[in-house]
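What follows is one structure encoded as structure tokens, with my remarks underneath.
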Amino acid sequence: MALDFIKRLFGKSEPPSPPATTASASKPARPAKPSQKQVFEGRETEPAAFAMNTGASQLVKRCLENVACRYPARISQQRIYRPGVRLPDGNLAIEYEGVSVTCPAIKDHGLEIAAEDGYVRAYRYADLNHIYECCCGDPTNCRFYNKAERARNSAQRDLR
């Protein structure tokens, strides 16, 4: 006790620690979920039959040849950067690198789907798993396609 008094007197003591609250002591802190994400990640799927034994340079062409969706897909090789996040070396952080797709359904309904997933900014692209499953597979599995079709059918009903 006397030692603590002498340390405080000469400014050598550590500041008192704040009292622990019961809420922070019982629950560990979760890492914050990012508020925005540009690329919609599809479910893990096996590569489509047309993509087997296809090199990366021909993959985009093969995907475009096998699109089954009514909305015109723009499939391309992309490097998508995370906006506003810089690495220590000064470069932007990469969010996604690979084959991605965008279409009118994603552009029109990306914000609604992102809001359902808990993000504040719209999705702008979808990843290769989404292309295999929805764009070149069954479009009715696509959340963007389903929203676009509901909006299209609603607009047609309003015209009658």
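The values are calculated or read from the model by the stated rules, or taken from the named source; none is laboratory data. Quantities reported herein were computed from a predicted structural model and do not represent experimental measurements. Here Cβ is always computed from backbone atoms with ideal geometry, including for glycine, and neighbour counts include all displayed protein chains.
Starting from the stretch 115-143, keep only residues that are farther than 11 Å from PHE40 by Cβ, then list their pairs with residues that are of a type in the set (Phe, Trp, Tyr) and buried (at least 17 other Cβ atoms within 10 Å of the Cβ) whose Cβ atoms are within a distance under 6 Å, requiring at least 6 positions of separation or different chains. Correct list of pairs: PRO139/TYR145. Residues that are among the charged types (D, E, K, R) and in contact with an Asp or Glu (Cβ under 6 Å, 6 or more places away or on another chain) within the stretch 122-146 comprise just one, ASP127.
Conditions (1) farther than 14 Å from HIS130 by Cβ; (2) at pLDDT 95 or above; (3) outside any helix (DSSP H, G or I); (4) aliphatic (A, V, I, L, M), marked per residue:
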| position | (1), (2), (3), (4) |
| --- | --- |
| PRO19 | yes, no, yes, no |
| ALA23 | yes, no, no, yes |
| SER35 | yes, no, yes, no |
| SER57 | yes, no, no, no |
| ARG70 | yes, no, yes, no |
| GLY84 | yes, no, yes, no |
| PRO88 | yes, no, yes, no |
| ALA93 | yes, no, yes, yes |
| VAL101 | no, yes, yes, yes |
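Only one of (1) part of a helix (DSSP H, G or I); (2) touching a residue at least 24 places away in the same chain (Cβ under 8 Å); (3) of a type in the set (Gly, Ala, Ser) is not met by SER154, so which one is it? With respect to (1) part of a helix (DSSP H, G or I); (2) touching a residue at least 24 places away in the same chain (Cβ under 8 Å); (3) of a type in the set (Gly, Ala, Ser), SER154 is out only on (2). Scanning the stretch 60-109 for residues that are in contact (Cβ under 8 Å) with a residue 60 or more places away in the chain and hydrophobic (A, V, I, L, M, F, W, C) yields CYS63, VAL67, ALA68, CYS69, ALA73, ILE75, ILE106.
Considering the stretch 112-140, and only residues there that are over 12 Å from the mean Cα position of the chain (by Cα) and aliphatic (A, V, I, L, M), the residue that is surrounded by the fewest Cβ atoms within 10 Å (Cβ to Cβ) turns out to be LEU128.
Looking only at residues in the stretch 34-59 that are of a type in the set (Val, Ile, Thr) and touching a residue at least 12 places away in the same chain (Cβ under 8 Å), which one is nearest to SER100 (Cα to Cα)?
Per the criteria, the residue is VAL39.
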